[in-house]
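Before any comments, here is the structure.
The values are calculated or read from the model by the stated rules, or taken from the named source; none is laboratory data. Source: prediction; values computed, not measured. As a convention, Cβ positions derive from the backbone with ideal geometry for all residues, glycine included, and neighbour counts pool all protein chains shown. These area figures cover heavy atoms from the full protein model, side chains too; ligands, DNA and RNA do not enter into them. Shrake-Rupley method; radii C 1.70, N 1.55, O 1.52, S 1.80 Å.
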Amino acid sequence: MKKQSASTWSVEKSEELYGFNRWGTGHFGVDDEGFAEVRPVPDGPTIRIMDVVDEAAGMGIKAPMVIRFQDLLRHRVQRLNQAFRRAIREENYKGDYRGVFPIKVNQLREVVEEIMSAGKDYNHGLEAGSKPELMIALAMHDSNQRLIICNGYKDNDYIRLALLGRKLGKRIIIVIEQLGEVDDIIRISQELDVKPLIGFRIKLQTRGEGKWSSSSGDNAKFGLNTAEILFAIEKLKAAKLSKSLKLVHFHIGSQVPNILTIKNAVVEATRFYCQLAKMGFPMGYLDIGGGLGVDYDGSRTNFESSMNYTLEEYARDVVSNVMDICEASNVRVPDLISESGRAIVAPHSMLVVEVFERINKKETLRQQHLPKQKHDIVYALEAQLKNKSRLGRLERFHDALQKKEEALSLFNLGYLDIENRAAAESLFWQICEKIDREDNEAGYQPEELRDLKKLLADQYVCNFSVFQSLLDHWALKQLFPVVPLHRLKEKPTVNAILVDITCDSDGKISSFIDLQDTKDYLTLHSLNGKPYYLGIFLTGAYQDIMGDLHNLFGRVSEAHVFLEPDEPNGFYIEEAINGSRIAEVIEGVQYQWEELCRRMKAQIDTATRKDLVKPREGVRLLEFYETQLQTKTYLNIERAKRKKRQKK
Ligand SMILES: *Cc1c(COP(=O)(O)O)cnc(C)c1O
């Protein structure tokens, strides 16, 4: 049986089906044994992801878990910097590139530390968008060659903190987002007797494209419009702070799929830069913000989950456009800053989830459930299933729909018993399945028939929460590659969508990457009683931090993986972080676990007095309650026990 499927299916077919070679950009693929693998650095060794899952299990870390490939993170920092260095060399550009990592994209200490370490030779700096992030940036920043860029809304203490950095000699630039901030900065820098470095965030007319496009344009919530820039200039001049103006900044939104948008924005911002330089301000930096994309679906298009350019093309376009305009305006070229966050961190981490249940609506009835007396409507559906009159597919689908609805009405009116209703539903799905199986025409299909596959798809229940681990999928329909981590030599046979364990019908993944547009289901392997793991990839940007406490599931466990040629599987797990425990998440909503235990004890005591439970049993119940508080919030899937129960 296995041999047969191996001969009709292959690792290559899995690679093609799941798109590894497209979105994986050389980092992700399938090995000869049918396991998903990661290649953290190009031309380097590979790691079998299931080996990491197994090793983490030995350390007490189970799915759902985030795996971080620290070497891949380092590689992204280097690749971004090298791309700009090469472009600068090739264009003979007379300025430098100074990247800054926007902390909001992934605040985890290990991530920020790795980026700082990998960016040492490139003087890669940090960007803060809030006071807490600035406090991280100030402390983690270790060289005055590296920049700190301060964005976001600022209160007086935010400004004081930034100026504290100035006092320490840090190259820390406060970017003015609102006209009101100018007065605050002037006043506080006089108070503290320190000269600030100042940038203007400019509200560009060039609009982003894609999901985050409202970050620019007339109604954007950040940035100065042209008149406000002129007001801000007057204020700086009056305060004798003209020398402080160093930078022009823009950010047109994250994940810009189209390189033309980026070119236009760079041109517009460089014009502002040149105008300010010609007015005599010292300037020196042009900050092009974030927006550098990640090709989540691998289609290389300007579709919102993709990008129609490479990182190298991005760097070349920025460098050459800035240079052209500066030359034409006779202005010295600026050092270039980008605040690329997503492009650096998205690929380095992934989520592993375990599928533990299949919800299948197409179940055929077992003998003992068949109606003792078949209702006419069941006979009618049986006849439709046989299809003696050889009707077309669409007509049969409509006939079946009609009968099913009739059956449901009859049930509601009390004319159909539960066995007959079950038979009617079961027959309906069998008819749909048969119609779908007869689909062998290529080319055009009526929409209803195309949607049949979606209608027939099973639900695979996965031990995770979309609201914690994949918030952008829920909120913005952002797509991520989802693939099995093993069994890739076997032919997948089940069309399924994924549902999570929250009590929320929105807690699901029902659209998937595809080369054309999106897919409504994923073809997966049938469950065989053994653990089945899926990987959700490219989740390193934003998803780690935006998750919430829906159903109090909380944070998932993490494993931080480093390449290590001396280890048997080529890697070691440097750090294993445990996911949230129940006691922690309930404290987050103001319950104290001691108090809950006390209340449970009182209730158990009462029950004991009433002889509802025996004293010994009461003690055991309380102990069980107390130990559960220290366990993880996600499901503890106990396969062996489930099997035993099934046998009985
Ligand atoms: C969010 C943000 C970024 C990061 O954008 P990416 O597209 O993730 O690179 C950069 N700059 C500012 C001002 C931001 O708000």
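Of note:
- Over 18 Å (Cα to Cα) - which of Lys361/Lys454; Lys374/Lys403; Lys386/Lys453; Lys454/Lys508; Lys243/Lys278; Lys104/Lys195 fall in this group: Lys386/Lys453; Lys104/Lys195
- Ranked by solvent-accessible area (1.4 Å probe, protein heavy atoms only, all chains present), the residues Lys530, Lys372 order from largest to smallest as Lys372, Lys530.
- For the residue pairs Lys120/Lys211; Lys601/Lys632; Lys491/Lys519; Lys434/Lys477, the alpha carbons lie more than 28 Å apart in Lys120/Lys211; Lys434/Lys477.
- Fraction of accessible area attributable to carbon and sulfur, the range 308-407 (%, probe 1.4 Å): 45 percent
- Cα long-axis angle, helix 376-386 against the chain (0 to 90 degrees, to the nearest 10): 70 degrees
- Per residue, the chain exposes an accessible area of 47 Å² to a 1.4 Å probe, with every protein chain left in place.
- Note, ³J(HN,Hα) from phi for the range 515-522, Karplus 6.51, -1.76, 1.60, rounded to Hz, x at Gly and Pro: 5, 9, 6, 10, 10, 8, 7, 10
- Taking amide H as placed 1.01 Å from N in the peptide plane, Glu127 has its amide H under 5 Å from the amide H of Phe101, Ile103, Ile149, each at least 5 places away in sequence or on another chain.
- Förster radius 30 Å - calculated FRET efficiency between Met600 and Ile637 (Cβ-Cβ, nearest 0.05): 0.70
- Cα-only radius of gyration and Dmax that characterise the chain, units Å: 29.7, 95
- The label point for Glu406 and the one for Arg390, both projected 7 Å from the Cα toward the Cβ, are 2.5 nm apart.
- Sequence-distant contacts, meaning Cα pairs under 8 Å at least 6 residues apart, place the relative contact order of the chain at 16 percent.
- When each of the peptides 459-469, 166-176 is scored by the mean number of other C-beta atoms lying within 10 Å of its residues, the order from highest to lowest reads 459-469, 166-176.
- Taking 0.36 nm per residue of separation and subtracting the current Cα-Cα distance, fully stretching the chain between Thr627 and Asp193 would add 150.5 nm.
- Amide H contacts under 5 Å for Ser557, placed H, 5+ residues apart: Val66, Gly579
- Restricting the range 1-96 to trypsin sites (Lys or Arg not before Pro) that sit in a DSSP loop and have at most 16 other Cβ atoms within 10 Å of their own Cβ leaves Lys94.
- Accessible surface of Asp184 - all protein chains present, 1.4 Å probe, nearest 10 Å²: 40 Å²
- Axis of helix 593-609 versus longest Cα principal axis of the chain: the two differ by about 20°, to the nearest ten degrees.
- In Hz, Karplus ³J(HN,Hα) per residue of the range 526-536 (6.51, -1.76, 1.60; θ = phi - 60°; x = Gly, Pro): 6, 6, 10, x, 9, x, 10, 10, 10, x, 10
- The phi-based Karplus calculation (6.51 cos²θ - 1.76 cosθ + 1.60; θ = phi - 60°) puts the 3J(HN,Hα) values of the range 408-424 at 5, 4, 4, 5, 4, 7, x, 9, 10, 7, 5, 5, 5, 5, 4, 5, 4 Hz, whole numbers, x for Gly and Pro.
- DSSP bridge pairs, the chain: antiparallel proportion in percent, nearest 5: 50 percent
- DSSP loop GluC sites (Glu not before Pro) with at most 16 other Cβ within 10 Å excluded, longest remaining stretch of the chain: 34-362
- The range 583-630 gives an Rg/Rh value of 1.05, both radii derived from C-alpha positions and Rh following Kirkwood.
- Computed helical MRE - 222 nm, the chain, DSSP H runs ≥ 4 contributing -39500 (n - 2.57), nearest 500: -13000 deg cm²/dmol
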